[in-house]
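Undergrad: Let me begin by handing over the structure; questions about it come next.
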Amino acid sequence: MRKPIIIGNWKMHKTCKETIDFIQEVEPYLNDHCTYGIAAPFTALKDACNHAQKLVVAAQNCHYEDHGAFTGEISVGMLKETGVTYCIVGHSERRQMFNESDEAVNLKVKALLANGIIPIVCVGESLEAFESGKTNEVVEGQIAKDLKDLDTEDIKKLVVAYEPIWAIGTGKSATKEIAEATIATIRQAIAKMYGDVSEEVRIQYGGSVKAENIKDYLAMPDIDGALIGGASLKADSFKAIIEATK
Ligand code: PEP
């Protein structure tokens, strides 16, 4: 069965020292109920990989080309050298602030899979789309483009994160019923493209998840973990989340 995966998305937070301190504080509290991890900034990835034992380490972005004149970008090969095993792609902040398109997400997913790094593909609708009842249409469209032309064997490895944009960093979270229904829709969209392997894809919910509500999401049949921003930044808060997943 699908093992839940809980990843803290640190965004542009934490130096190398802060990363190491966090890992040392959190590692003793990890259990085998879930896969737990952190998505640290590029500069802290190597230190994170050197210090993490049970925690998995993710990057927050990558470029899809191997190398070239792309000032400020990081290739998947460079990421691989740090030891990361996961990489977030298509986070709504990157889609909104850095114009990341579905086509770019698809190329990044392919580059990551070709290099043995598991993509965490973020999808989710705006408040406007949510309020006008277009959630399913939006996520189905993103899935069709982001996961286009992949190998069925690779689909099994994927993590998808359903993150309604209106719930990210706002303190407003989707109800467990809304999250479950949309995640079930995402699974059906993957099934339409790739068949039964959709049952093996881990699909997280993200959007103001914290220790107080994580249990509710994990209790839903289609929700396989969480992508957590704000509440993953402090070791105490992350430890409370780990405790709540037992
Ligand atoms: C995120 O940025 O992926 C996220 C879910 O943030 P938060 O938990 O702070 O809403």
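Undergrad: Could you work out Rg/(2.2 N^0.38 Å) for the stretch 5-244, with Rg from alpha carbons only?
TA: Working: Rg = 16.6 Å, N = 240, 2.2 N^0.38 = 17.7 Å.
Cα-based Rg divided by the globular estimate yields 0.94.
Undergrad: For a Förster distance of 41 Å, can you work out the FRET efficiency between the beta-carbons of Ala181 and Glu25, rounded to the nearest 0.05? Can you show the working numbers first?
TA: Numbers: r = 36 Å, r/R0 = 0.89.
After rounding, the FRET efficiency stands at 0.65.
Undergrad: Same structure again: Return a whole-number percent for the relative contact order of the chain, with Cα pairs under 8 Å and 6 or more residues apart as the contact set.
TA: 21
Undergrad: For the stretch 203-214, in order, what is each residue's ³J(HN,Hα) by Karplus, 6.51 cos²θ - 1.76 cosθ + 1.60 with θ = phi - 60°, in whole Hz (x at glycine and Pro)?
TA: 3J(HN,Hα) across the stretch 203-214, in whole Hz: 10, 8, 9, x, x, 6, 7, 8, 4, 6, 10, 4.
Undergrad: What value, in deg cm²/dmol to 500, does the helix sum -39500 (n - 2.57) over DSSP H runs of n ≥ 4 give at 222 nm once divided by the residues of the chain?
TA: Numbers: 11 runs with 99 residues, N = 246.
The per-residue figure over the chain is -11500 deg cm²/dmol.
Undergrad: Work out the charge dipole of the chain with +1 on the Cβ of Lys and Arg and -1 on the Cβ of Asp and Glu about the Cα centre, then indicate which of Ala184, Tyr194, Val76 is farthest towards its positive end.
TA: Val76
Undergrad: If you take every residue apart from Ser101 with its C-beta less than 9 Å away from the C-beta of Ser101, what net charge results, scoring Lys and Arg +1 and Asp and Glu -1? Walk me through the numbers on the way to the answer.
TA: Working: positive: Arg95, Lys145; negative: Glu100, Asp102, Glu103.
That sum, taken over residues with Cβ under 9 Å, equals -1.
Undergrad: If I take R0 = 25 Å and measure r between the Cβ atoms of Met193 and Asn99 in this structure, what FRET efficiency does the formula 1/(1 + (r/R0)^6) give, to the nearest 0.05? Please list the in-between numbers first.
TA: Working: r = 25 Å, r/R0 = 1.01.
According to the calculation, E is roughly 0.50.
Undergrad: Under 5 Å between amide hydrogens, which residues at least 5 positions from Ala39 or on another chain qualify, with H placed 1.01 Å from N in the peptide plane?
TA: Gly8, Asn9, Trp10, Ala58
Undergrad: Might you report the magnitude of the Cβ-based charge dipole of the stretch 5-244 about its Cα centre, with Lys and Arg at +1 and Asp and Glu at -1, to the nearest 20 debye?
TA: On the way: 24 positive and 36 negative charges, 83 e Å.
Using Cβ point charges on Lys, Arg, Asp and Glu, the stretch 5-244 gives about 400 debye.
Undergrad: Something else about it: What is the order of Glu18, Glu131, fewest Cβ neighbours within 10 Å to most?
TA: Numbers: Glu18 16, Glu131 11.
Placing the least packed residue first, the sequence is Glu131, Glu18.
Undergrad: Taking θ as phi - 60°, what are the ³J(HN,Hα) couplings along the stretch 150-161 by the Karplus curve (6.51, -1.76, 1.60), each to the nearest whole Hz, with x for Gly and Pro?
TA: These are the phi-based 3J(HN,Hα) values: 9, 6, 4, 4, 6, 4, 4, 7, 5, 10, 10, 10 Hz.
Undergrad: Then there's this: Can you give the FRET efficiency to the nearest 0.05 for Lys54 and Lys156, using r as the Cβ-Cβ distance and R₀ = 22 Å? Present the calculation step by step, with values, prior to reporting the outcome.
TA: Numbers: r = 22 Å, r/R0 = 1.02.
Efficiency at R0 = 22 Å is approximately 0.45.
Undergrad: Subtracting the Cα-Cα distance from 0.36 nm times the residue separation, let me have the gained length for Asp149 to Lys134 in nm, one decimal.
TA: On the way: separation 15, 0.36 × 15 = 5.40 nm, distance 2.50 nm.
Stretched out fully, the Asp149 to Lys134 stretch lengthens by 2.9 nm.
Undergrad: Tell me, what HN-Hα J-couplings in whole Hz come from the Karplus equation 6.51 cos²θ - 1.76 cosθ + 1.60 at θ = phi - 60° for each residue of the stretch 56-61, using x for Gly and Pro?
TA: Those phi angles translate into 8, 10, 10, 8, 9, 5 Hz.
Undergrad: Just rank Ser173, Ser208, fewest to most, by other beta-carbon atoms within 10 angstrom. Intermediate values should be presented prior to the final figure.
TA: Numbers: Ser173 22, Ser208 19.
The fewest-first ordering by Cβ neighbours comes to Ser208, Ser173.
The numbers here are math on the coordinates, done by the rules we state, and not lab data. Every value quoted in this text rests on a predicted model; they were computed, and no experiment measured them. Note that we place each Cβ from the backbone using ideal geometry, even for glycine, and neighbour counts take in every protein chain shown.
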